[in-house]
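Enquirer: Structure in structure tokens, see below.
Every number here is computed from the coordinates shown, using simple stated rules; none is lab data. These figures come from a predicted structure and were not determined experimentally. Using ideal geometry, Cβ is built from the backbone for each residue, glycine included, and neighbour counts are taken over all protein chains shown.
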Amino acid sequence: MRPDDPVARALTWATISSSLSRAVFFSVSVLFFTRVAGFTATTVGVALTVAGAVAVGAALGAGYLARLVGARSVLMATAAGQGVALGGYLVVRTPVAFVVVACVAVSLSSMQRTALATTIAESFTGSERIEVRARLRAVTNAFIGVGTGLAAVALAVGTRPAYLTAMAATGVLQVVSVVPLRRVPRAVVAPSSGPARQVRRSPLRDRTYLVATGLYAVTTMQFGMLTVGVPLWISGWTNAPAVTVAVLLTLDAAIVSLLQVWAARGAKTIRAAGRATARGGVLLAVACGLYAAATERSVVVAVTVLTLATIAHSLAEIQSEAGRWTLAFELADPTNAGAYQGVSQMGMAVGTMLAPLVVTATAIEHGRAGWAALAALFLAAGLSTLWLAKRHSARKTPA
């Protein structure tokens, strides 16, 4: 909560505020859009899909923007802009306006993640970057849990004023997250502090980095599997009660909060990152098998199997994310950190956009066969990342 480094401390407090905002938004937004704003579920789905597609380009562009004006400036501007965009949801009345606001809000969120990764890349070195990134993720999950509890109050009241208040709070919390970011020294993240004519590699021509990013996009679909696929699977294919969804999501947040820093400490080199990502792929395959096994079981057995699946899924999450951070930082050209982190975050945006479609088209449509396909996909991505990391390390090792 209060790391000694001033930059880490500022990022921690900014993360606390933005995590509370995200938690409230995730909890109440869909019901607000349909029950209060009056949009159909189809309109909401189309708007968020279009916004996700736009966010792919925004993530990449933010990296190049950070190189021009500084990651700190981009981080502050996107946090403030996202707060305003979230407030825009309160006043939209037409589907077209809703799509526009969604595109702005989701794109700024994507740009904010790129700017944060760039700030970490430029402010810290080596294993320090992975440690800071892991701590921020632990803080994120902890305060998403807190924010979900706050949102439960609005959901319990269930009135229009309660929903409006909750949605307004998401915007305010995002704007508040800008305040601690002012303490980040401008010189730390300024791109002009290096040699004026230093040659920079382009991430768009770096095949190793692009392949790593593509493999990460596949692995990123695990988040959509947990937040979209698992709830649909539980409600449509198992005998587990609906409340199981909330319990499993809480369990995942707790595991990540407690163990993410530990996992990151075992993935501080490129080879170690490859092994961590491979372990994540194996654990995701195990989780898929357990999710599939929960169908056609009694309530007690189904809940038990789903709990074991979530534990495997959560352990996979912390391993694969730890590996991804190291690869995203260590494979990048340090003189062009913004552009490289923009490409990395673009991979996350692509995976996030595709996840609902892929998960529903496999597991939810085809049951156990679909889960098997997802297991093979995650396993292949994890093992391919391990091969890539070993190949890169071997190429860099002197004869």
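Enquirer: Going by a ≥ b ≥ c, the root eigenvalues of the Cα gyration tensor, does segment 1-55 fall in the rounded group (a/c under 1.5), the prolate group (a/b larger than b/c) or the oblate group?
Expert: Here segment 1-55 falls in the oblate category.
Enquirer: Given Cα pairs under 8 Å that are at least 6 residues apart, what percent is the relative contact order of the chain?
Expert: Reported relative contact order: 25 percent.
Enquirer: For segment 6-181, calculate the relative contact order in percent as a whole number, restricting contacts to Cα pairs under 8 Å that are 6 or more residues apart.
Expert: 46 percent
Enquirer: Among THR250, THR219, THR40, determine the one that fluctuates most according to a GNM of the chain built with springs between C-alpha atoms less than 10 Å apart.
Expert: THR40
Enquirer: Going toward the positive end of the dipole of segment 309-399, with +1 on Lys and Arg Cβ and -1 on Asp and Glu Cβ, which of SER314, HIS392, GLY351 do you reach last?
Expert: Sorting the options by dipole projection puts first HIS392.
Enquirer: Normalising by the residue count of segment 203-396, find the relative contact order in percent from Cα pairs under 8 Å and 6+ residues apart.
Expert: 38 percent
Enquirer: Then there's this: Could you sort the peptides 138-148, 285-295, 357-367, 315-325 by per-residue average Cβ neighbour count (10 Å cutoff), highest mean leading?
Expert: Packing proxy ranking, top to bottom: 315-325, 285-295, 138-148, 357-367.
Enquirer: Then there is this: So what's the back-of-envelope 222 nm ellipticity for the chain, counting only DSSP H runs of four-plus at -39500 (n - 2.57) apiece and dividing by all residues, rounded to 500?
Expert: Result for the chain: -27500 deg cm²/dmol, rounded to the nearest 500.
Enquirer: Here's another thing I want to ask about it. Quick one: grab Rg to one decimal and Dmax as a whole number for segment 203-396, Cα atoms only, in Å.
Expert: In order Rg, Dmax, the Cα atoms of segment 203-396 give 16.9, 57 Å.
Enquirer: If you don't mind, there's one more thing I want to ask. Mind ranking 15-25, 385-395, 335-345, 110-120 by how tightly packed they are, going by the mean number of other C-beta atoms within 10 angstrom, highest first?
Expert: The densest-packed peptide leads the list: 110-120, 335-345, 15-25, 385-395.
Enquirer: In Å, the Kirkwood hydrodynamic radius of segment 6-181 over pairs of distinct alpha carbons?
Expert: Computed over segment 6-181, the radius equals 16.5 Å.
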